[in-house]
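The values are calculated or read from the model by the stated rules, or taken from the named source; none is laboratory data. For clarity, every value in this text was computed on a predicted model and none was experimentally measured. Virtual Cβ from ideal backbone geometry, glycine too; neighbours counted across all protein chains shown. Note: accessible area is taken over every heavy atom of the protein model, side chains too, but ligands, DNA and RNA are not part of it. Shrake-Rupley method; radii C 1.70, N 1.55, O 1.52, S 1.80 Å.
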Amino acid sequence: MATRSIDRRAFLKGASATAAAIASAPLVRPHRASAAGERLVVAVGQWGIETPFAWRSSQSEKTLWDCAYDPLIMRDPKTFEYRPGLATEWKPSNELRTWTFKLRSGVQFHEGFGEMTAEDVKFTVEQNLRPDAQGGSAPFFRTHLERIETPDKHTVVMHFKNRVWEVPSNFTQFVGYQNVVSKKYLESVGEDKASLHPIGTGPFRHVEGKQGDYHRFEAVANHWRKTPAFRELVIRRIPDPATRLAGLRSGEIDIGNVFGDYLDNARKVRLALNLAVNKKAIVTALWKGMGSDSPFMYWYYPFHKGFKTDWKVPPYDPERARKLLAEAGHAGGFEVRVNPLVMTYALDGPDMVEAVALDWEKIGIKVRRVPEAFSNFLPKNRARKTNKTHWVYGSPPFDEPVLAWQRAIYSKGAFNLLADGPYDEDVDTISRELDPDKRARMTQALAQKLYDDYRGVMLGVRSLTWAVSKKVTSWQTLVYVPLENNYEYVS
């Protein structure tokens, strides 16, 4: 049948009055005839700055662009363990100073840009060495990478200045950033043009898109890894939860992230929250019980070596909070700034920020709310120009906590979340340690420091819910990952 526009006003019939106030705009632009069974429409709440390139992007882009690329190292969807991807093997030598990757032969870039070779991998990684590269792994490569050799078209040899054990993690599915680009394509059209129409090796090829709105992809026939069941994929950016929910109910959207709180009234949830930060109330009311207030602790998960069961989210105790403020000389409170924003890992970020803000205000804190688009906030955060502010952040697990700390609490890292410098020596020492058991003990010690210092407000572990239409019969999602991107496995 002919494709018809999806309109937000149509979505919002029967939805809440607040959501209905959103101005109408086309959600899928008509482009050609397509049978309903051939198209998969995915609605995501947010993406970042909309760049597909590893050296400029954050994980926030992955839910949009990963379908067009393949990682060097895949993940087992049930265990999160490494599996061959574009690289069939990867081995260290020279006491972990040299890493050799053997590439899969015959993998083709989209639109006739030739076979993916070692030169494309080398080109991709070397872009991280640019001083303006803000990608999550860029600081790692700028600090440690010495040079890259390509002895043949299917072999990449990376030489590092130091002994580095964490190299494979930087090339893995989801957690890693290094989606391999075509050197020929970027050099022929330029980075700016290539960013609008990315060329990769993934199971879907990019067809068209509108910045900030949607991108359309088509399945790659006989893909080496997985040929998608749907011939067409449309990924939409729809920040409003009620719009996503209405689209799912109407059948115009096939997959979308939904919240339990929007099945009721989110404002009732906010008013139900009491003094201080009542994490149990957030888990129970805002998240509708789809989560827990423990054991989340600064990227340390129960499956990591050294995890301590007595690490708990601090309890709800507004009376003690008032006393501590008075003891610190702030009996009358003080002003803080919060950024209510829809973050890729926290699509209900504004509601969580509001819940925390209301609790803080009950103990005398003066909260100044500064709403901001995530696409504006993210570059400033990477450049450390947000000044002192508070916002909701969510994250997937890393292979080891220190890999997250290298990015989030480290003055040389990609961005700053909880601290910017006081733990640099600890992070450096842990990163240099090659013995896994010793590294685990050192990691536990730094985790205890972070825990005792109460850096940030730990809210808990959130379970995310995806709703699907009747068109979707199965989907092998990836364990532990908060943002799905393996749309080629939807059947």
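Descriptive notes on the structure:
- Residue identified as out of contact with any Phe, Trp or Tyr (no Cβ under 8 Å at 6 or more places or on another chain) and on the phi > 0 side of the Ramachandran plot among Gly332, Gly364: Gly364
- Looking only at the stretch 140-159, residues that are touching a Leu at 6+ places or on another chain (Cβ under 8 Å) and of a type in the set (Ser, Thr, Tyr) come to 1 in all.
Rundown of residues vs (1) farther than 15 Å from Val44 by Cβ; (2) modelled with pLDDT under 85; (3) touching an Asp or Glu at 6+ places or on another chain (Cβ under 6 Å), yes/no style:
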site: Ile238; (1), (2), (3): no, no, no
site: Ala242; (1), (2), (3): yes, yes, no
site: Arg249; (1), (2), (3): yes, yes, no
site: Phe259; (1), (2), (3): no, yes, yes
site: Ala281; (1), (2), (3): yes, yes, no
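- Just so you know, in the stretch 345-379 the residues that are in a strand (DSSP E or B) and out of contact with any Pro (no Cβ under 7 Å at 6 or more places or on another chain) include one that is least open to solvent (accessible area, probe 1.4 Å), and it is Ala346.
- Screening the stretch 284-330 for residues that are part of a strand (DSSP E or B) and modelled with pLDDT of 80 or more and picking the one that is most open to solvent (accessible area, probe 1.4 Å) gives Gly291.
- Matching residues, the stretch 425-476, being among the charged types (D, E, K, R) and in a helix (DSSP H, G or I): Glu425, Asp426, Asp428, Arg432, Asp437, Lys438, Arg439, Arg441, Lys449, Asp452, Asp453
- Listed by first and then second residue, the pairs with beta-carbon distance under 9 Å, at least 6 apart or on different chains, first residue in the stretch 445-469 and under 26 Å from Leu40 (Cα atoms), second acidic (Asp, Glu) and at pLDDT below 80, are Leu464/Glu484; Trp466/Glu484.
To keep it simple, each residue is scored yes or no on (1) at pLDDT below 95; (2) open to solvent by 50 Å² or more (accessible area, probe 1.4 Å); (3) of a type in the set (Ser, Thr, Tyr); (4) not in a strand (DSSP E or B).
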| site | (1), (2), (3), (4) |
| --- | --- |
| Glu146 | no, yes, no, no |
| Pro151 | no, yes, no, no |
| Met158 | no, no, no, no |
| Asn170 | yes, no, no, yes |
| Val175 | yes, no, no, yes |
| Gln178 | yes, no, no, yes |
| Leu186 | no, no, no, yes |
| Ser195 | yes, no, yes, yes |
| Ile199 | no, no, no, yes |
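- Tally, over the stretch 55-79, of residues that are under 24 Å from Arg130 (Cα atoms) and either open to solvent by 50 Å² or more (accessible area, probe 1.4 Å) or free of Cβ contacts under 8 Å to residues at least 40 places away in the same chain (or both): 2
- Within this structure, Arg382 passes the test of being buried (at least 18 other Cβ atoms within 10 Å of the Cβ), touching a residue at least 40 places away in the same chain (Cβ under 8 Å) and among the basic types (Lys, Arg).
- For Ser411, the conditions (1) open to solvent by 60 Å² or more (accessible area, probe 1.4 Å); (2) farther than 21 Å from Gln173 by Cα are fulfilled apart from (1).
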